[in-house]
Amino acid sequence: MNYQDIQNFINGEFVSCANQRINVDSPLNGEVISTVPLSTFSDVDSAVIAAKNAFPGWSGMTSKMRSQILYTYRQILEQNVDLLAAIIHDENGKTMDEAIAEVRKSIELTEFACSIPQIATGEVLEVSIGVECRTEYAPLGVVACINPFNFPHMVPHWTVPNAIALGNCIVMKPSELTPISSVKMAEMLKQAGLPDGVFNVVNGAKEVVEAICDHPGIKAVSFVGSTPVAQIVYRRATANLKRCLALGGAKNHLIVLPDANLELSASDIAASMCGSAGQRCMAASVMIAVGNVNPVIEKLCTEVSKFIPGAKMPPIISRKSRENLIAYINDAEKKGAELLVDGRKFSNDETASSTGYYLGPTIIDWRNSSSKMPDSEVFGPVFEIIAAKSVEEAISIQHESPFGNAASAFTQNGAIAKMVAQQASAGMIGINIGVPVPREPFSFGGWNSSKFGAGDITGKSSLGFWSQLKKVTSKWAKQEITDWMS
């Protein structure tokens with residue numbers, strides 16, 4: 001399917017851009033399905049001005065009124081799941097089942113934002129005779145979010161609903177690889193009754209990111225992407241005295257023990273490494289095999305063969321990304337690692353398309369190699385195996401990773417599971433779960449080089465990031481009985 005050329009969305013309308021444009025390719029077949037503008041600081045400035053003008057009216061509404069608009073938006077999402085999923089399928093390559101699940105998660109995130117009036121209620125206490133203290137969540141003003149390609153619909157809903165529910169106005173930058181979902185998001189928010197200027201979209205690449213970090217009118221920035229870029233965004237935004245929460249990459253370790261349930265472990269790990277073609281920061285990346293877990297590994301190799309690219313597994317986002325993954329596999333082989341499953345041998349002839357950016361699932365076994373597995377993020381359907389002699393050694397290996405998004409234990413031993421949960425250096429822990437993503441209202445967020453900044457990006461933890469506490473202390477009359485405060 002071909003789409004209209006992408007425009008920026010500023011002050012409630014799509015704005016034609018005279019800027020340079022680049023193609024949007026579908027990873028399904030490599031065909032151009034749209035074009036997107038490379039916006040400049042001037043475009044970001046226009047969006048900030050619109051947001052700043054809309055802020056007094058939007059923040060002046062009660063939280064109940066704001067949540068009603070979001071509830072209407074949630075209903076619109078519910079009515080258009082298939083349409084939104086088809087767009088994700090076209091621009092990102094996800095299977096339709098994966099795309100529908102992504103939209104369903106967006107709906108869940110919006111539901112949480114609708115509940116903010118019941119959560120962000122503040123506190124009231126008579127702290128002394130005749131003296132009352134009250135706290136309330138006050139919006140920051142104009143904020144911004146910078147989103148990745150791998151979840152073009154869900155990740156914007158990590159930030160936008162909560163930020164605007166709290167009274168902020170927002171400028172959003174989608175990935176230039178997957179900007180089409182943001183068009184529908186803008187249209188549907190406007191259809192729901194969101195006032196003009198509250199939500200704005202500025203498309204582009206590096207220059208837009210830099211403009212968001214630098215613009216004096218933007219008070220807070222969220223970012224989701226690779227760790228190297230997250231570090232750059234965090235340093236630049238905070239150097240400009242903004243709040244910043246930047247989520248980076250991961251290389252998630254799964255500690256597997258001989259008593260692990262064979263069927264459950266193999267199927268769950270396969271789904272974790274192959275879902276979204278491994279292009280998600282919560283994907284299973286590394287198995288730390290504690291003792292003899294060869295039955296699990298053999299079963300895993302069988303399970304991943306069911307994930308046929310183009311059928312049950314989507315393509316890689318771009319030709320360049322696919323080439324980088326193949327280069328990583330080639331390098332591992334040269335270093336003496338054994339390829340238990342070689343995704344390079346996958347032929348596009350096995351799919352309906354012969355031109356998409358497909359790569360088969362790959363399992364790399366480093367256990368008999370004299371070389372050490374690289375600690376860099378791979379971000380594809382590539383799963384690696386290393387060995388440990390004990391659970392303690394496995395936890396120590398996991399601690400050596402620079403990342404800290406997720407860690408999991410596959411075992412039937414409750415004491416070992418508890419040890420991993422308590423000692424693993426990661427923000428999200430799974431027990432016999434390959435993708436331990438918390439559900440709302442629990443928040444999403446990693447540790448170490450998987451996150452820069454305080455708090456988490458979703459759930460209750462996100463409320464403090466998108467707001468500031470206002471404290472009101474009041475006294476209305478002189479009291480006959482007093483204490484040191486009154």
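Screening 126, 102, 91, 78 for residues that are charged (D, E, K, R), in contact with an Asp or Glu (Cβ under 7 Å, 6 or more places away or on another chain) and farther than 30 Å from residue 217 by Cα leaves exactly one candidate, 126. Out of curiosity, is residue 131 over 19 Å from residue 174 (Cα atoms) and either at pLDDT 95 or above or touching a helix residue (DSSP H, G or I) at 6+ places or on another chain (Cβ under 8 Å) (or both)? When the stated conditions are applied, residue 131 does not pass them. Taken over segment 8-47, residues that are buried (at least 18 other Cβ atoms within 10 Å of the Cβ), hydrophobic (A, V, I, L, M, F, W, C) and under 12 Å from residue 208 (Cβ atoms) amount to 4. Considering only residues in segment 420-429 that are of a type outside the set (S, T, N, Q) and surrounded by fewer than 19 Cβ atoms within 10 Å (Cβ to Cβ), the one that is farthest from residue 455 (Cα to Cα) turns out to be 421.
On the given criteria, is residue 208 buried (at least 24 other Cβ atoms within 10 Å of the Cβ) and more than 30 Å from residue 10 (Cβ to Cβ)? So residue 208 fails the test.
When 407, 394, 417, 387 are checked against the criterion of being more than 13 Å from residue 251 (Cβ to Cβ), in the same structural domain as residue 338 (by TED's automatic domain parsing) and either crowded, with 23+ Cβ neighbours inside 10 Å or touching a Gly at 6+ places or on another chain (Cβ under 6 Å) (or both), 394 stands alone in meeting it. For residue 355, the conditions (1) assigned to a helix (DSSP H, G or I); (2) at pLDDT below 95; (3) hydroxyl-bearing (Ser, Thr, Tyr) are fulfilled apart from (1). Taken together, 329, 288, 316 contain a single residue that is in a loop (DSSP other than H, G, I, E, B), crowded, with 17+ Cβ neighbours inside 10 Å and at pLDDT 95 or above, which is 316.
Test residue 280 against the stated conditions and say whether it is touching an Asp or Glu at 6+ places or on another chain (Cβ under 8 Å) and either charged (D, E, K, R) or free of Cβ contacts under 8 Å to residues at least 24 places away in the same chain (or both). No; evaluated as a whole, the condition is false for this residue. When residues in segment 430-475 are screened for being in a strand (DSSP E or B), buried (at least 17 other Cβ atoms within 10 Å of the Cβ) and not hydroxyl-bearing (Ser, Thr, Tyr), 3 of them pass.
The set of residues in segment 293-312 being more than 8 Å from residue 266 (Cα to Cα) and among the charged types (D, E, K, R) consists of 298, 306, 312.
Checking 350, 338 one by one, the residue that is over 26 Å from residue 227 (Cα atoms), assigned by TED's automatic domain parsing to the domain that holds residue 402 and either modelled with pLDDT under 95 or among the aromatic types (Phe, Trp, Tyr) (or both) is 350 and no other. Scanning segment 291-313 for residues that are basic (Lys, Arg) and either free of Cβ contacts under 8 Å to residues at least 12 places away in the same chain or not in a loop (DSSP other than H, G, I, E, B) (or both) turns up just one, 299.
If the condition is being surrounded by fewer than 16 Cβ atoms within 10 Å (Cβ to Cβ) and in contact with a Pro (Cβ under 9 Å, 6 or more places away or on another chain), then segment 48-70 contributes 57, 61, 62, 64. Kindly provide the set of residues from segment 446-458 that are over 18 Å from residue 238 (Cα atoms) and in contact with a helix residue (DSSP H, G or I) (Cβ under 7 Å, 6 or more places away or on another chain), ordered by number. The one that is over 18 Å from residue 238 (Cα atoms) and in contact with a helix residue (DSSP H, G or I) (Cβ under 7 Å, 6 or more places away or on another chain): 458.
Every test in (1) in a loop (DSSP other than H, G, I, E, B); (2) at pLDDT 95 or above is passed by residue 486 save one, and that test is (2). Under 30 Å from residue 273 (Cβ atoms), surrounded by fewer than 21 Cβ atoms within 10 Å (Cβ to Cβ) and not charged (D, E, K, R): which single residue out of 138, 86 fits that description? One residue alone meets the criteria, 86. Within segment 141-162, the set of residues being crowded, with 21+ Cβ neighbours inside 10 Å and more than 18 Å from the chain's Cα centre (by Cα) comprises just one member, 142. Residue under question is residue 360, and the condition is that it be in contact with a Lys or Arg (Cβ under 8 Å, 6 or more places away or on another chain) and buried (at least 16 other Cβ atoms within 10 Å of the Cβ); does it hold? Answer is yes for this residue.
The values are calculated or read from the model by the stated rules, or taken from the named source; none is laboratory data. Since the structure is predicted, the reported quantities are computational estimates derived from the model, not experimental observations. Note: ideal-geometry Cβ built from the backbone for every residue, glycine included; neighbour counts use all protein chains shown.
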